[in-house]
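These notes concern the structure reproduced below.
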Amino acid sequence: MTVSETMLRAYVDGELEPIDVERVEKALEASEELRVQARLMRASCLPYRAAFEAQRLPPMPAGLQQRVESWIALADESKREIAPGRRRWLGFGAAVAASFAMGLWMPLPWRLGTVSKDDPTWIQAVARYQALYARQPFDRASVEPKQAREMLAAFAAQGGGRVSIPDLRPLGLTLRRVQRLTVHDRPLIHMEYLAAHGMPMSLCVLAAGSVDAALVTRSVDGMGVSIWRRGGFEFALVSDRPPSELAGIASKAASGELPWLYQSGDS
Amino acid sequence: LANDELQRQLPQLLPRLWRFALRLTRERSDAEDLVQRCCLRALERRLQWRPGSALLSWLFSIMHTIWLNELRARQRRRECSLDWEDEWADVIADVGAEDPSLRVLYRQVVTAVEMLPEAQRLVIVLVDVEGLSYKETAEVLAVPIGTVMSRLARARGTVGQRFLQAPEAHAQRKGGIR
């Protein structure tokens, strides 16, 4: 007799009627091929769900639930205020944009950890990170000078060298945030500047441990990035400005003609 | 009303979205980003969800689409995820089972599934782990039901082959493989 795969599966799963069990067992006695097939099926009857449920997965980040609930509230709000149809979605879009300003959206600094250790990919990572930013979160942000100096001093010490970080403020930019991130266990300083108009611009510094390199400017994932290396540190200026404009700013920063925001040895 | 229902259920489904995102991406920061983007898109498109249909599989479908697009974009950017294996090894860690043979079995099951080709691995995760029906799985993956069934059969067959080759823990639990 012919035993279909479905019937064999039911036999292996113990869900076959007794009369069919007898038929299948006769067929199994007669066919080595069928016996092999049954062995395979039996071997694949595994506790998949229990095995995966026993995995120790990372817990859901604490802020995630709160962020989603905030968006739900915004969606409710936009539904009440905006007329139905297409404009309802626009209302939600506008509400989410507003949530940037309220700090309800958190770009994820640890996304930087998903790239390879090669230098070009950390540049890609900071470019993608910068592309996440809107202007609004920084409009009212300010840097506390003492804390920033301490952070930069700790970064320099961890980088194992003397670092001089240019100050872009004389170019009409205001420093809105200094934060320390990590790229594959290497400390990264990320400084966010804002001009009177336009999107934020960031100056990133990474302990590179390699020889000095001249300034180059290129486009990475739609963002302009100017890169140079000095004194064992790599610098990247990232912005959506035109490459020529960005290169002009970076050139001033890389040449040392700007004052220092921080220099190792500063108190 | 559909909107209200979606917005009511979404927070409750977040742990399952988080779990599925981790299994899709195998990396927690990508998973967090993916959950955020999935929820935003679901809220943007909440009028497209049909009340009465399975919300979880609709959300999984959105998440899967976002992730596929992200992978394609990364491929275009030649970005390699070289660290995933190691990261995931940390995530696998120990299971909570007290019984050592059960612990070994679970670890072997997870490892065998993780070694499957991506399309087969996802079908196992959706059907055998998340408990979706074949129809729901087909909707999530945007493939015919027949494809789901054949991928599942191939996936289980491949896993079964591995257990025939290294059957220790499985044999202890099942009383031997005939």
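In this rough spin-label picture, where each label sits 7 Å from Cα along the Cβ direction, the B:ASP4-B:THR111 distance is 5.2 nm.
Here the extension length gained between A:SER210 and A:GLN65 equals 48.0 nm, from 0.36 nm per residue of separation less the Cα-Cα distance.
The phi-based Karplus calculation (6.51 cos²θ - 1.76 cosθ + 1.60; θ = phi - 60°) puts the 3J(HN,Hα) values of the stretch B:8-14 at 6, 7, 4, x, 5, 8, 4 Hz, whole numbers, x for Gly and Pro.
When B:VAL127, B:VAL35 are arranged by Cβ crowding within 10 Å, least crowded first, meaning fewest neighbours, the order is B:VAL127, B:VAL35. Take each residue of peptide B:45-57, count the partner chain Cβ atoms within 10 Å of its Cβ, and average: the result is 1. Quote the FRET efficiency, to the nearest 0.05, computed for A:ARG149 versus A:VAL21 with a Förster distance R0 of 56 Å and r equal to the Cβ-Cβ distance. The calculated FRET efficiency here is 0.10.
Between A:GLU245 and A:THR6, the simple spin-label model (points 7 angstrom out along Cα→Cβ) gives 6.6 nm. Scattering from the stretch B:10-72 was approximated by placing one identical point on each alpha carbon and applying the Debye formula without solvent; log10 I(q)/I(0) at 0.23, 0.24 1/Å stands at -0.92, -1.00. Within the stretch B:41-71, list the residues whose amide N lies under 18 Å from a label point set 7 Å along Cα→Cβ of A:ALA131. B:66-71, by backbone N distance to the label point. Remark: mean inter-chain Cβ contacts per residue of A:19-29 equal 0, using a 10 Å Cβ-Cβ cutoff to other protein chain atoms.
Ordered by the number of other Cβ atoms lying within 10 Å of each residue's own Cβ, fewest first, A:LEU246, A:LEU171 fall into the sequence A:LEU171, A:LEU246.
The mean number of partner chain beta-carbon atoms within 10 angstrom of a residue's beta-carbon across peptide B:119-128 is 1.
Between A:SER264 and B:ILE145, the simple label model (points 7 Å from Cα in the Cβ direction) yields a spacing of 6.8 nm. Taking other C-beta atoms within 10 angstrom as a stand-in for reagent exposure, A:ASP212, B:ASP33 fall in the order A:ASP212, B:ASP33, fewest first.
Throughout, read-outs are computed from the coordinates displayed, never taken from laboratory work. These numbers come from a predicted model, not from an experiment. Reconstructed Cβ throughout: ideal geometry from the backbone, glycine too, with neighbour counts over all protein chains shown.
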